[in-house]
Structure formats: C-alpha cells, structure tokens
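Taking it in order: structure first as structure tokens, then the write-up.
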C-alpha cells in the first residue's frame, strides 16, 4: 500500500498511532477532513500500527448520527468511546480534534505542571510565554518558530516534575483571523492548512511545525525567560522586568493542574521562576517585538 492508503486504513481500522511529544494518540476517523489534516500536519509523527500496542488517548472523530447525519452535518469527538462535549459543524472537524486533544492532555497529564503557554527554544534555553485570549501569543509563536526558534508548544508548557525541564509537544499552531494572512504573507515557506470559518474563535487555520521542531521532540529545554505578552494596538513595543512574586502568582494562575499536583507543582513553578528572567511584553509591531525577543540575553535569570 502507498503511504496515503496506509494512513487511510489505519484511521478507518483499529486506529492510527501518532507520537505527539510524550504522548501516543490512537486516532480513528472516516472523515475526509481528518484524513487530509493528518496527512498534512502529522505525516512525520506516525508510528507503526502493528508495533504500537499502547496509547495514552484513544480518540475518534465521527459524523453525528440521526437527523444531523444529513441536515447541517456535525462532527463528534470521542475519547474511549465517550463524547465529553457537544458536536460542532462538520466543517470544524479538524479544529475539534485539536481542541479535544488539548482537553485530553489537560485532564490527564499530571506528571507535569501544565501551564497555558507557548514554549520555544534557542541554544537549549526555553522561552515560556503564558497568554490570555487576545494576547497575541500564537502569532508571536508562529513568527518565532519560522525565524529559527524551535517550537515546543503553542498551547502547553509541560514542566517535568522530575527534571524541571520543559518537554516538547510539537503540534500545529492555531492561527486566528488576521494572523493567518499576516503569517502566510510574511513567511512564504510556512505550511498553513485550510481555514475554518465561523468557529467559536473566529476564523482558524493551523501552521505545521517546522521540521526540526518535530525531529527534536525528544529534547527537553531549560527555562530561561518567562515573558507575559500583551498585544496593544498603537502600543509601545517594550519589555519590562516583572517581580518574581508577581510572576509566580501569574504563572500559577495560568496552570491547568496546579491544585492537582500540590507541593510538587509549587516547587516546579518556583524553580522555573528562579531560573528565568521574568518580563512583561507589550507589543504592537511584530518586527519590533521579534527584535526584542531575539535580543534576549542568554542565561536567563
């Protein structure tokens, strides 16, 4: 069979195993949208179907049954045969997979302190950027990843409770609205999938991680910079120091599972703060902000 035929057979059979950082996802789907997206975004992360008996997450994307099979067709997300949230329009099937996988990781990956943040690496040192919706985190992440930084994640900072290092989770970067054309025009080499319109987050399209980010997914990185970005139209692009106590409070507030991992989570967060230069970032101009981030001094704190 060709690679495409093998991919289709895996998706429609027992499930296609995909290595996503420290996790193995076994994905089943008969939806053409999912097949095309997996072929585009995860082609380098596919595992042998027969040689991968274990998976962390067994996920199925399927068309809704009943009336919605033909009228306003919908897609449903299943984990271990159960659907944890409402269906979405069939056209949003691939974003539903990515959002659902976020949920799976946030609910189950308690070997890590999980922080809602982008993570990129340069020379073994990690830049961690927690960001609230609208902060411009994903746009910055995409621009840095396409400018020589290694992408560890756009959504999760996975801080190992054992090593204190950041673990890579290379997945497509979710670009929204105006950022889609901005990144596409600025970086002609970028591989960006088709847009999904009228989602809960507006128009969404996904950027494929650069090859080295996938090839080096087993490499952990030491925290060096903790930067809290805030996009401000007409603002002044600048970095300013942030007191460690405030940085710790905001870091904990961005964590998915701080209350679950307890004292180990506090120690991991405190160690990250101690190793990192803690900064606020206001940005309005992408070129100016890239200059600031590329100019961060080595060594962190």
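Since every read-out is calculated from the coordinates, none of them should be taken as a lab result. None of these values were measured; they are calculated from a predicted model. When we count neighbours, we look across all protein chains shown, and the Cβ atoms used for this are built from the backbone with ideal geometry, even at glycine.
Convex hull over the alpha-carbon atoms of region 83-242: what's its volume per residue in Å³?
Cα convex hull per residue, to the nearest whole number: 129 Å³.
Stretched out fully, how many nm does the piece from residue 103 to residue 287 gain, at 0.36 nm a residue minus the Cα gap?
Full extension from residue 103 to residue 287 adds 62.9 nm.
For region 82-177, what are the per-bin percents of Cα-Cα distances with bins 5 Å wide, up to the bin holding the maximum?
Over region 82-177, the share of Cα pairs per 5 Å bin runs 2, 13, 22, 22, 19, 13, 6, 2, 1 percent.
Hey, what angle do you get for helix 244-253 against the long axis of the chain, alpha-carbon based, 0 to 90 degrees rounded to 10?
So the inclination is approximately 10 degrees.
Neighbour counts of other C-beta atoms within 10 Å: give me 208, 176 arranged from fewest to most.
With the fewest neighbours first, 208, 176 line up as 176, 208.
Sorted from fewest to most neighbouring beta carbons within 10 Å, what does the list 217, 129 look like?
217, 129
Nearest-5 percent of antiparallel DSSP beta bridges in the chain?
Antiparallel bridges make up about 75 percent of those DSSP assigns within the chain.
Using 1/(1 + (r/R0)^6) with R0 = 41 angstrom and r between the beta carbons of residue 50 and residue 163, what's the FRET efficiency to the nearest 0.05?
0.80
Compute the distance in nm between two label points, each set 7 Å from the Cα along the Cα-to-Cβ direction, one at residue 14 and one at residue 182.
Placing both labels 7 Å along Cα→Cβ, they lie 4.6 nm apart.
Evaluated at 20 °C with a viscosity of 1.002 mPa s, what Stokes-Einstein diffusion coefficient in µm²/s does region 3-108 have when Rh comes from the Kirkwood expression over alpha-carbon pairs?
Estimated via Stokes-Einstein, D reaches 154 µm²/s.
List the pair-distance distribution P(r) of region 102-153, using every Cα-Cα distance, as the percent of pairs falling in each 10 Å bin from 0 up to the bin containing the longest distance, rounded to whole percents.
For region 102-153, the pair-distance distribution reads 23, 48, 28, 1.
Would you mind computing the Rg to Rh ratio of the chain from its alpha-carbon coordinates, Kirkwood style for Rh?
When Rh is taken as the Kirkwood radius, the ratio is 0.97.
Taking the chain as a Gaussian network, Cα atoms linked when under 10 Å apart, which of 99, 225, 149 shows the biggest mean-square fluctuation?
99
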